[in-house]
Amino acid sequence: MKFSKNTKIVLAFVLLLGLLIVNSLVNSSVKINKQKFTINNGDGFMKIANELYSRKLISDKNVFVFYSYFTNNYKQLKPGDYLLDGALNIKDILNIFKNNSLNLSVDSPFKLNG
């Protein structure tokens, strides 16, 4: 299939615009007030994504899924109980789950009472 020069320019523009929109959504943060989030051993990635979205911890599940697969983070999330607090974006949440930071299952000064 051969494309004209104008078609190639339009396709490049649309691709660039799409990447800018995804980047904007990935970096947009959600204000979270001290919520515990648990990833159990054996939880599938889509279950985690659905739970994050249903609890309004991420603003767009599709962008979360796309970005996680694109960056290969979807298979690096570690089980544990996490305390999510503050203005967090998709990158922040993935890094917390991937690096096992703010994990309440380990000795942490962030443990919730109760």
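The numbers here are math on the coordinates, done by the rules we state, and not lab data. Since the structure is predicted, the reported quantities are computational estimates derived from the model, not experimental observations. Methodologically, a virtual Cβ is constructed for each residue, glycine included, from the backbone with ideal geometry; neighbour enumeration extends over all protein chains shown.
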Review point. In nm, what is the difference between 0.36 nm times the number of residues separating LYS56 and ASN23 and their Cα-Cα distance?
Key: 10.0 nm
Exercise for review: With everything on Cα atoms, drop me the angle between helix 61-70 and the longest principal axis of the chain, reported from 0 to 90° to the nearest 10.
Suggested key: 80 degrees
Review point. Taking N as the number of residues in the chain, what is its Cα Rg relative to 2.2 N^0.38 Å?
Key: 1.31
Check your understanding: Under a plain spin-label model, where a point goes 7 Å from the Cα along Cα-to-Cβ, how far apart in nm are LEU15 and MET1?
Key -> 1.3 nm
Exercise for review: Could you pull out the longest piece of the chain with no exposed loop chymotrypsin sites (Phe, Trp or Tyr not before Pro) in it, calling a site exposed if DSSP puts it outside H, G, I, E, B and it has at most 14 other Cβ atoms within 10 Å?
Suggested key: 4-109
Review point. Given the C-alpha centroids of region 37-58 and region 1-30, what is the distance between them in whole angstrom?
Key: 29 Å
Review point. Do the sum for the chain: with -39,500 (n - 2.57) for every DSSP H run of n ≥ 4, divided by all residues, what is the mean residue ellipticity at 222 nm, to the nearest 500 deg cm²/dmol?
Key: -15000 deg cm²/dmol
